[in-house]
Amino acid sequence: MSSETGMRIVVTGATGNVGTSVVRLLSEDLGVGSVLGLARRIPDWKPPGTEWAAVDLSAERTDLAAHFEGADAVIHLAWAFQPTHDPARTWRTNVLGSIRVFEAVAAADVPVLVHASSVGAYSPGPKDHTVDESWPTHGWPDAAYCREKAYLERALDTFERDHSNTRVVRMRPAFLFKRESASEQRRIFGGRFLPGPLARPEMLRFLPDVPGLRVQALHTDDAAEAYRLAVTTEVRGAFNLAAEPTVDAELLGEMFGARPVRVPRTAARSAIAAAWGLHMLPASPHLFDAVLRLPMMDTARARAELGWHPRHTATEVLEEFLLGMQRGEGEDTAPMAGRKVG
């Protein structure tokens, strides 16, 4: 395993929003000797000490164990958000692909597995106070994203029971943003042709204030630091990750200089459902339903046991992300490619 040259870390989904930040941080860590990034398409980008391999987790015959041999840790980040109209397809990639990762970790006898769970794995919870990692993780069953994240929590329960020699860490971050992810996330959630300049304050005089639409956000680089700490710190179990303050219509109104206008849940959902049904909007109304029910997370455990502290406030995160949307920002990987629209 680890040697005088440092740890060997394998990262799945290494070219996406979280993966690019994790790979960059690991490449700068003097305790890490090498990083192997797994992705469907190999990028031109190559940080120091990083190698790449083309891997499709949805392919049944993928030999992941060969890539994991000799690794000190596997950080599993790979995830497909689309197509939301074909949940069987995302299930093959996200759930069956993740189970292949878990099985390969066991076959290669990797001592550490760090898995990207999510706030979306949590059962509906309160908006007026926070919950810790003991809150139930049954997800919101109507949303594929939540259903898949919750299912993998159960799969990891079984994995930990059967492979107690592997230290398993589950990260449950809030919504993750950075400037370089703006184009990718605009395509995933808003559509390929949504104009980025719409994120300018002068374009928004009013903001919809939907009851229950209150969430947490975090800079992707801050989440990546938690993943790095999970590899190098002897911890197990789940960790909530989020920054302050909570994001709601009042906060966004202050950022944009716009007036929040109360919109009933049913009206907002109907509009989203109509756009999604016409394939004009990639984000599904089922995910909207889930967001309205996500609990607010307490991050005390990550701060105490990992020594983790976010460097960016949620307000700073959103300001950076919106600037990235306006400019069509991205990175030199296929999922993160920048594109300015409008």
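The values are calculated or read from the model by the stated rules, or taken from the named source; none is laboratory data. For clarity, every value in this text was computed on a predicted model and none was experimentally measured. Methodologically, a virtual Cβ is constructed for each residue, glycine included, from the backbone with ideal geometry; neighbour enumeration extends over all protein chains shown.
What about Ala39, is it surrounded by 20 or more Cβ atoms within 10 Å (Cβ to Cβ), small (Gly, Ala, Ser) and either more than 17 Å from Val105 (Cβ to Cβ) or free of Cβ contacts under 8 Å to residues at least 40 places away in the same chain (or both)?
Numbers: surrounded by 20 or more Cβ atoms within 10 Å (Cβ to Cβ): yes; small (Gly, Ala, Ser): yes; either more than 17 Å from Val105 (Cβ to Cβ) or free of Cβ contacts under 8 Å to residues at least 40 places away in the same chain (or both): yes.
Spelling it out, Ala39 is indeed surrounded by 20 or more Cβ atoms within 10 Å (Cβ to Cβ), small (Gly, Ala, Ser) and either more than 17 Å from Val105 (Cβ to Cβ) or free of Cβ contacts under 8 Å to residues at least 40 places away in the same chain (or both).
Being over 19 Å from the mean Cα position of the chain (by Cα) and more than 13 Å from Ala73 (Cβ to Cβ) is the filter here, so list the residues in the stretch 105-123 that pass it. It would help to see each step written out before you state the result.
The first filter runs over the stretch 105-123 and keeps only residues over 19 Å from the mean Cα position of the chain (by Cα), leaving 105-112.
Selection gives Ala106, Ala107.
Any idea which residue in the stretch 214-232 is nearest to the chain's Cα centre (by Cα), counting only those that are assigned to a helix (DSSP H, G or I) and not aliphatic (A, V, I, L, M)?
Thr220
Please enumerate the residues belonging to the stretch 45-63 that are small (Gly, Ala, Ser) and touching a residue at least 12 places away in the same chain (Cβ under 8 Å).
First pass over the stretch 45-63, keeping only residues small (Gly, Ala, Ser): 49, 53-54, 58-59.
Within the stretch 45-63, Gly49, Ala53, Ala54, Ser58 meet the criteria.
Got a sec? Which of Gly120, Gly125 is modelled with pLDDT of 95 or more and under 23 Å from Val22 (Cα atoms)?
None of the others qualify; the one that does is Gly120.
Here is a check on your reading of the model: is Ser98 at pLDDT 95 or above, assigned by TED's automatic domain parsing to the domain that holds Val235 and not in a helix (DSSP H, G or I)? Steps first, answer last, please.
Details: at pLDDT 95 or above: yes; assigned by TED's automatic domain parsing to the domain that holds Val235: yes; not in a helix (DSSP H, G or I): no.
So Ser98 does not fit the description; no.
What's the number of the only condition in (1) under 24 Å from the mean Cα position of the chain (by Cα); (2) at positive phi; (3) modelled with pLDDT under 95 that Leu252 fails to meet?
(2)
Which residue, of Glu225, Glu234, is surrounded by 17 or more Cβ atoms within 10 Å (Cβ to Cβ), at pLDDT 95 or above and within 30 Å of Leu156 (Cβ to Cβ)?
Glu225
Quick check on the stretch 233-265: of everything there that is assigned to a helix (DSSP H, G or I) and out of contact with any strand residue (DSSP E or B) (no Cβ under 8 Å at 6 or more places or on another chain), which residue is nearest to Phe177 (Cα to Cα)?
Within the stretch 233-265, the subset assigned to a helix (DSSP H, G or I) is 249-256, 265.
If we keep only those that are out of contact with any strand residue (DSSP E or B) (no Cβ under 8 Å at 6 or more places or on another chain) too, we end up with 254-255, 265.
On the way: Glu254: 19, Met255: 16, Arg265: 25 Å.
Ranking the candidates gives Met255 first.
Considering each residue of the stretch 289-342, count those that are part of a helix (DSSP H, G or I) and touching a residue at least 40 places away in the same chain (Cβ under 8 Å), and give that number.
First, the residues of the stretch 289-342 that are part of a helix (DSSP H, G or I): 289-291, 300-306, 314-327.
Narrowing further to those that are touching a residue at least 40 places away in the same chain (Cβ under 8 Å): 289-291, 300-302, 305-306, 314-327.
Of the residues in the stretch 289-342, 22 are part of a helix (DSSP H, G or I) and touching a residue at least 40 places away in the same chain (Cβ under 8 Å).
Can you tell me which condition Pro83 does not meet? The list is (1) within 18 Å of Ala334 (Cβ to Cβ); (2) not in a loop (DSSP other than H, G, I, E, B); (3) not hydrophobic (A, V, I, L, M, F, W, C), and all the others hold.
(2)
Take Phe256 and decide whether it is buried (at least 16 other Cβ atoms within 10 Å of the Cβ), touching a helix residue (DSSP H, G or I) at 6+ places or on another chain (Cβ under 6 Å) and in the same structural domain as Arg170 (by TED's automatic domain parsing). Steps first, answer last, please.
On the way: buried (at least 16 other Cβ atoms within 10 Å of the Cβ): yes; touching a helix residue (DSSP H, G or I) at 6+ places or on another chain (Cβ under 6 Å): yes; in the same structural domain as Arg170 (by TED's automatic domain parsing): no.
No: the conditions fail for Phe256.
Could you tell me whether any residue of the stretch 49-64 is touching an Asp or Glu at 6+ places or on another chain (Cβ under 7 Å) and either closer than 21 Å to Ile188 by Cα or part of a loop (DSSP other than H, G, I, E, B) (or both)? Break it down into steps so the answer makes sense when it comes.
Within the stretch 49-64, the first condition is being touching an Asp or Glu at 6+ places or on another chain (Cβ under 7 Å), and the residues that meet it are 62.
Cutting the leftovers down to either closer than 21 Å to Ile188 by Cα or part of a loop (DSSP other than H, G, I, E, B) (or both) gives us 62.
For the stretch 49-64, residues touching an Asp or Glu at 6+ places or on another chain (Cβ under 7 Å) and either closer than 21 Å to Ile188 by Cα or part of a loop (DSSP other than H, G, I, E, B) (or both): present.
Among the residues of the stretch 131-150, are any touching a strand residue (DSSP E or B) at 6+ places or on another chain (Cβ under 6 Å) and modelled with pLDDT of 95 or more?
Checked the stretch 131-150: at least one residue is touching a strand residue (DSSP E or B) at 6+ places or on another chain (Cβ under 6 Å) and modelled with pLDDT of 95 or more.
Does Gly70 qualify as being in a loop (DSSP other than H, G, I, E, B), within 22 Å of Ala230 (Cα to Cα) and of a type in the set (Gly, Ala, Ser)?
yes
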